[in-house]
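What follows is a single structure, written as structure tokens, with notes after it.
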Amino acid sequence: LSRCVCPEGYSGDAGESCVACEAGTFKSFEGPGACLSCPGDGVSAEEGRSCACGAGHFFEDNVPMLSCSGESSESCPCTPSVGSNDGTLSFEADPSDWDWQSCASIIISGVAPRVTVTSLQVQNVQLVLSLDECDDAGCMTYQSAPEEWISSSGWEYQSSTRHLRVRFEWTTYVDSSAFGFLGNVVATWSTTSKAPECSPCEAGDYKNTTDAAGCTACPSNAVSAEGSTGLSSCVCPEGFSGDEGDEESCVACEAGTFKSFEGPGACLSCPGDGVSAEEGRSCACGAGHFFEDNVPKLSCIRYPSYGSGSCLCGPSVGSNVGTFSSQVDAGVSSQSCSWIISGAQPRVTITSLQLQNVQLYVSFDECDDADCMSYQSVRSEQIYNSGWAYQSSMRHLRVRLQWSVYGGSSITSGSVVATLSTTSMPP
């Protein structure tokens, strides 16, 4: 009867009746144990075997597990377990075999899996540990870490992945059979205790549904930000052309062309002799010359220290004209929004302005680089009317709009619309 255990989605002890997990809970493993609460909104999925997570996120149960890969022997026992964050392993060399001996591999699954050699006794024997950091619980895909020759207790290793495969191997000295040998090791394994969670999809993946499904990889060569919620988030990186959210693969720029930005767009012809560089991300220029792609770009920045602000900004690249807008948030005495315009002769023009008991200030930094790490502050002034404009002599212009409410004013409103532009220029 003790061999009768509850399956996934059912709680209960071995040999007892199994009860289905209630709504908002789950149990992702077979064996004795209780159902656990789902994270977030607590929506069960797959008949209580998992939990549903929103778009851009996938479910991780974080249930620790020890599994065995290969045949277990009397000298190398391995007992699978689930639900416990730590355990002990004990292995010994077989004195009837004086050559190489290998124990069954163990796979530790959970958060930050770790193995520690706590006791080691050897005589004419060497202990070797093979380690694989795995992408899945079955270690179907993995990255092998360097083998470790263990000579004393205290050695330990912690994985950066969620699954760690460990194999203990003994080897005796070639001429030790006449003298006898001894080898035994005690090791502990552990994981970090962590509640179930909905984790964001990794960069390069996306998920557009609310369910227990995993994230989907972007089309070949495409990239996406962490937590992406749809195929449209998959864009072509530098050096690759293609449309946004295209199910077709991104295509590498041909020889003599380049694409210097991440996002939808075509590869452009290199100037002069047309020699590509940096795997199609740039072009090569002759002695005494440097390459300028002249691709216009709008970047968005927020400064929380100045208040939240309603800053409407859609980052763009490849377009010479764009629009950004901002408005005063009710109950906020001051707030600030910032943008960076990159390209040939960046220019900003205030096209619409409405103010009631609010002051609008505009400040400018002319920058040496696209991130404005190095810059010169040129001016800051109060704006009263639409039509005001400023053009930079540099290739990168940072613009900050700052609202300030008149003291004591209870009724306030403010909105501004500005256009940006750059001069169209070939690379």
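Using r as the Cβ-Cβ distance of residue 334 and residue 194, and R0 as 45 Å, what FRET efficiency do you calculate, to the nearest 0.05? Intermediate values should be presented prior to the final figure.
On the way: r = 40 Å, r/R0 = 0.90.
Using R0 = 45 Å, I get an efficiency of 0.65.
Stokes-Einstein, applied to the Kirkwood radius of the stretch 1-114 over Cα pairs at a viscosity of 0.692 mPa s and 37 °C, places its translational diffusion at 202 µm² s⁻¹.
The stretch 91-165 and the stretch 190-269 have Cα centres spaced 35 Å apart.
On the principal axes of its alpha-carbon atoms, the chain has extents of 93, 62, 41 Å, going from largest to smallest. Between the C-alpha center of the stretch 340-397 and that of the stretch 38-72 there is a gap of 50 Å. If the segment from residue 357 to residue 393 were pulled out straight at 0.36 nm per residue, it would be longer than the present Cα-Cα gap by 9.6 nm. Which FRET efficiency value, to the nearest 0.05, do you get for residue 86 and residue 406 by plugging their Cβ-Cβ distance into 1/(1 + (r/R0)^6) with R0 = 51 Å? According to the calculation, E is roughly 0.20.
Restricting the calculation to alpha carbons of the stretch 139-235 gives Rg and Dmax of 21.9, 70 angstrom.
Report the local net charge at residue 427: Lys and Arg +1, Asp and Glu -1, summed over other residues whose C-beta lies under 10 Å from its C-beta. Write out the running numbers ahead of the final one.
Values: positive: none; negative: 292, 293.
Combined, the nearby Lys, Arg, Asp and Glu give -2.
Could you work out the relative contact order of the chain, using alpha carbon pairs under 8 angstrom and six or more residues apart, expressed as a whole percent?
Details: 1179 pairs, mean separation 45.9, N = 427.
After rounding, I find 11 percent.
Straight-distance candidates among the lysines for linking to residue 207, with alpha-carbon spacing under 26 Å and chain neighbours fewer than 8 residues away dropped: 27, 194.
As a calculated quantity, the FRET efficiency between residue 47 and residue 69 at R0 = 30 Å, using C-beta atoms, amounts to about 0.60.
May I ask you to compute the full-extension gain from residue 275 to residue 149, defined as 0.36 nm times their residue separation minus their alpha-carbon distance, rounded to one decimal in nm?
Values: separation 126, 0.36 × 126 = 45.36 nm, distance 4.98 nm.
Full-extension gain reported as 40.4 nm.
Applying both filters, DSSP loop and at most 14 other Cβ atoms within 10 Å, to the GluC sites (Glu not before Pro) of the stretch 1-108 gives 16, 22, 30, 47, 71, 74.
Expected output is a single nm value to one decimal: the length gained when fully extending between residue 156 and residue 385, i.e. 0.36 nm times separation in residues minus the C-alpha distance. What is it? Before the final figure, lay out each step's value.
Values: separation 229, 0.36 × 229 = 82.44 nm, distance 6.79 nm.
Gain in length upon complete extension: 75.7 nm.
Given a 10 angstrom Cα cut-off, can you work out which residue in 215, 337, 201 is the most mobile in a GNM of the chain? Looking only at 215, 337, 201, the biggest GNM fluctuation is shown by 337.
Give the lysines whose C-alpha is closer than 24 Å to that of residue 259, dropping any in the same chain fewer than 8 places away, or say none. Answer for residue 259, where 24 Å is the Cα cut-off: 297, listed by chain and number. Extending 7 Å from Cα along the Cβ direction at residue 290 and again at residue 136 yields two label points whose distance is 4.8 nm.
Note on residue 323 and residue 345: their simple-model spin labels are 2.4 nm apart, each label 7 Å out from Cα toward Cβ.
Looking at the chain, identify the longest residue range that excludes and avoids all chymotrypsin sites (Phe, Trp or Tyr not before Pro) in DSSP loops having at most 13 other Cβ atoms within 10 Å.
Details: sites that count: 100, 173, 179, 290, 384, 406.
The reported range is 180-289.
All of the numbers you see were taken from the coordinates with simple rules; none came from a lab. Just so it is clear, the model here is predicted, and its values are computed rather than measured. Using ideal geometry, Cβ is built from the backbone for each residue, glycine included, and neighbour counts are taken over all protein chains shown.
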